[in-house]
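These notes concern the structure reproduced below.
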Amino acid sequence: MIIAGAGGHALEVYDALLVDHPESSLFFFDNIQPELRLLRNRPVLKSAAEIQARFSSRFDFVLGVGNPKIRHALHAFLSGIGGQYRGIVGQNTVLSEHSRYEDCDVLHFTYIGASVSIGTATLVNVGVQVHHEAVVGRFCEISPGAIVLGRASIGNFSLVGSGAVILPNVTIGDHVVIGTGSIVTRDIPDFSKVIGVPGRVVGKINPMGNGH
């Protein structure tokens, strides 16, 4: 199993995986920090060639970063060389059996309510609540302690900051950044930056930028 990324979030993912995977089966991948060769005494692979030298056939990977664009880039790269993405479900979670969340990351102490839909490779971080009939798109990051209330909708590649609250029936577009602690009371268009209580649009996301 490869953990794609070798930063702080990767360490949390590593600890979560140890519940069901032997330490010897876990490797990191990071092609950004050339000096980093070991993390938690496990190898940090740097290239497709190094991955293919370790794995003779297809391999599984998880995502060890939060940033939506980087999650997407790593997912595309590793899928393109034969990897199979696997979602994570952490400990002490409450997950409705009537929701769809199988191919995303749902970390510890998270609540997923009834009839929720969460898209491919989205990160639902520690202590998040996603309530009934909410929809979260692909490659999003819902940061620790955020609350997404009933029938709210979040588009693809969007980031909801720690402790933010999305009120019921609010629609948030694609590539939106919701600031830490914001309370979003109205619909938000694509490529917007939002802060405050109530949340207000304070700028636009550059669609050609490298990150949020």
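Coordinate-derived values only; no laboratory data. All of these numbers come straight from a predicted model, not from anything done at the bench. Cβ: placed from backbone, ideal geometry, glycine included. Neighbour counts: every protein chain shown.
Under the rule a/c < 1.5 gives rounded, and otherwise a/b versus b/c splits prolate from oblate, where does region 1-62 land using the Cα gyration tensor? Because a/c hits 1.5 or more and a/b fails to exceed b/c, region 1-62 counts as oblate. When +1 charges are put on Lys and Arg Cβ atoms and -1 charges on Asp and Glu Cβ atoms, the dipole computed for the chain relative to its Cα centre reaches about 440 debye. Rounded, prolate or oblate: pick one for region 108-198, where a ≥ b ≥ c are the square roots of the eigenvalues of its C-alpha gyration tensor, a/c under 1.5 means rounded, and failing that, prolate if a/b is larger than b/c, else oblate. Judged from the Cα gyration tensor, region 108-198 comes out rounded (a/c under 1.5). In the chain, the longest principal axis of the Cα atoms and the axis of helix 68-80 are about 40 degrees apart.
Is the shape of the chain rounded, prolate or oblate, going by the alpha carbon gyration tensor and its root eigenvalues a ≥ b ≥ c, with a/c under 1.5 for rounded and a/b larger than b/c for prolate? Prolate, since a/c reaches 1.5 and a/b exceeds b/c. For residue 14, the shell of other residues with beta-carbons less than 15 Å away shows a net charge of -4, using +1 for Lys and Arg and -1 for Asp and Glu.
Straight Cα distances below 22 angstrom link residue 193 to the lysines 69, 204, with same-chain residues fewer than 8 positions distant left out.
For residue 68, what charge total do you get from the other residues with a beta carbon under 15 Å from its beta carbon, if Lys and Arg give +1 and Asp and Glu give -1? So the surrounding residues net to 0. Fully extending the segment from residue 115 to residue 206, taken as 0.36 nm per residue of separation minus the present Cα-Cα distance, adds 29.5 nm.
With helices as the sole contributors, the chain gives -4000 deg cm²/dmol at 222 nm; each DSSP H run of n ≥ 4 counts as -39500 (n - 2.57), and the sum is divided by every residue. The length gained by stretching the chain between residue 58 and residue 126 to full extension, at 0.36 nm per residue less their Cα-Cα distance, is 21.5 nm. Could you give the nm distance between label points at residue 86 and residue 48, where each point is 7 Å from its Cα heading toward the beta carbon? Distance between the two pseudo-spin positions: 2.3 nm.
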